[in-house]
Amino acid sequence: MRRRSLVGIGWLTAYAIAMAHVEAAVVIYLRRLYHAGDPLTVFPLATLPNTDLAIELARELATLVMIASVAFLYAKHGPRVFAAFLYVFGLWDIAYYAWLKLMLGWPTSWLEWDVLFLIPWPWLAPWIAPVLAAAAFAISGACTLLSAPAAPAPSRGEYAAFAIGVAIAIGAFLVPGLPFGEGAEPAAIYRPGAFNWRLFALGYAIMTAGLFVKKLPKVPIGL
């Protein structure tokens, strides 16, 4: 059973890394199309025609559907499906930035800003922030997948803590692009302000508490 589990995780790993390559390749093509002068520069943002924007939004949704589909194919039970989704999503996001660095030479610094998603307006953050979240996803998912099938499922409170933490972290990603989302600044001149690391750290702490509370070693109390 252990060997079978490792083989399955190996395939999940291969899928995540391969899909990250496809994602990075598409982004490189988009940058060379919309930032032809300097594909290493994300800002100011390029304005996509409505048709291209619709295609890009559909591609983002399709990516999530593919990750969820693989998770459901890999596991039969809810907690392990969730763990498989977290593992693939986290590894995919980390590998995506690794492929961008290898193929494009970007990011050029640890705190360089990136566009993460586009719904309901661009999610903006230094790229290292989503990678930190992705690392927590991947580690948590791997711990669950490598554990015995009878490992305790997360409680409702743990799922709630994870959801609340993720929502707060997403809020930190949405705030910098709020003026752009409201149309207060045109894309041609828009640049993000300061990133709210405190808000992100709060969400990250709550999220990781929900993910790892049952995975931490139990320390005996008393003598």
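The values are calculated or read from the model by the stated rules, or taken from the named source; none is laboratory data. Since the model is a prediction, treat every value here as computed from it, not as a measurement. We place every Cβ from the backbone using ideal geometry, glycine too, and count neighbours over all the protein chains shown.
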Inset, instruction - Determine which single condition residue 173 fails, assuming it passes every other condition in (1) more than 18 Å from residue 136 (Cβ to Cβ); (2) modelled with pLDDT of 95 or more. - result: (1)
Legend entry - Breaking point among (1) closer than 21 Å to residue 135 by Cβ; (2) part of a helix (DSSP H, G or I), for residue 111: (2)
Inset, instruction - Find all pairs meeting these conditions: Cβ atoms under 7 angstrom apart; at least six residues apart or on different chains; first residue within segment 31-60 and under 19 Å from residue 176 (Cβ atoms) and touching a residue at least 60 places away in the same chain (Cβ under 8 Å); second residue exposed (fewer than 12 other Cβ atoms within 10 Å of the Cβ) and of a type outside the set (Lys, Arg). - result: 44/188; 44/189
Legend entry - Cross-chain or 6+ apart pairs with Cβ under 6 Å, segment 120-149 first and in contact (Cβ under 8 Å) with a residue 12 or more places away in the chain and hydroxyl-bearing (Ser, Thr, Tyr), then surrounded by 22 or more Cβ atoms within 10 Å (Cβ to Cβ) and assigned to a helix (DSSP H, G or I): 140/86; 140/211; 144/83
Legend entry - Options 74, 29, 96, 87; residue that is of a type in the set (Phe, Trp, Tyr) and surrounded by fewer than 18 Cβ atoms within 10 Å (Cβ to Cβ): 29
